[in-house]
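So the structure is just underneath, and the comments pick up after that.
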C-alpha cells in the first residue's frame, strides 16, 4: 500500500519540476530513522547540481509549510538518487531498459540469489522484468539497482 504522504509530495514535486527544465522526479520516501526524513530524489540528463536541489527544496518547503500534510517534524532532503540507484517503480524499469543491473532475489534461482545482467524488458501486466533473457517475477525480487562498473 502506498504511503499517502509520499503520494501527495510526489504530486507537489512533479508540478514544481515543470518549471525546472529537464529535471525529473525519480522517487519520494518518507521514513522514520532516528528522526522523520522526507527524501526527494531528482535527476536530469547529464546529472543534477546543487542549484537544482536547492530550487526544488525551497519551493517544496514553502508548499509543505502552507499545508498540514505532515504533522510530525521532519528533515527534508532533495538529492540525486546516486549512480547505483534502486529501481522501484514501473517508470524506473522502462527508463533504465538496456542498462546493466544487479538483481537480488528472495530465494535462489538456479542456485543464485544475486545476478547481474542487462534489463531488457518490463511487463506491467505480468509484473515481471526480463534480465539477460530471464523473466523474473517482481514478487521474487528483493531489489534491483543500476550496476556500476569500476
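The values are calculated or read from the model by the stated rules, or taken from the named source; none is laboratory data. Quick caveat, the model's predicted, so the values are computed rather than measured. All Cβ positions, even for glycine, are placed from backbone atoms using ideal geometry, and neighbour counts span all protein chains on display.
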Quick count over the stretch 106-126, residues being surrounded by 13 or more Cβ atoms within 10 Å (Cβ to Cβ) and touching a helix residue (DSSP H, G or I) at 6+ places or on another chain (Cβ under 6 Å), is 1
Between 10, 18, 6, which is on the phi < 0 side of the Ramachandran plot, loosely packed, with under 14 Cβ neighbours inside 10 Å and out of contact with any helix residue (DSSP H, G or I) (no Cβ under 7 Å at 6 or more places or on another chain)? 18
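Quick check on residue 94: is it at pLDDT below 95 and either touching a strand residue (DSSP E or B) at 6+ places or on another chain (Cβ under 6 Å) or under 29 Å from residue 128 (Cβ atoms) (or both)?
Details: at pLDDT below 95: yes; either touching a strand residue (DSSP E or B) at 6+ places or on another chain (Cβ under 6 Å) or under 29 Å from residue 128 (Cβ atoms) (or both): yes.
Judged against the criteria, residue 94 is a match.
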Among (1) on the phi < 0 side of the Ramachandran plot; (2) surrounded by 11 or more Cβ atoms within 10 Å (Cβ to Cβ); (3) without any contact (Cβ under 8 Å) to a residue 60 or more places away in the chain, the one test that residue 92 misses: (3)
Which one of these does residue 68 not meet: (1) free of Cβ contacts under 8 Å to residues at least 12 places away in the same chain; (2) within 18 Å of the chain's Cα centre (by Cα); (3) at negative phi? (2)
From the list 45, 58, 77, 29, pick out the single residue that is touching a residue at least 12 places away in the same chain (Cβ under 8 Å) and not in a strand (DSSP E or B). 45
Just to be sure before I move on: is residue 46 modelled with pLDDT under 95 and in the same structural domain as residue 129 (by TED's automatic domain parsing) in the structure I sent? no
What is the one condition in (1) outside the structural domain of residue 46 (by TED's automatic domain parsing); (2) part of a helix (DSSP H, G or I) that residue 63 does not satisfy? (1)
If residue 40 satisfies every condition in (1) outside the structural domain of residue 17 (by TED's automatic domain parsing); (2) assigned to a strand (DSSP E or B); (3) surrounded by 15 or more Cβ atoms within 10 Å (Cβ to Cβ) but one, which is the exception? (1)
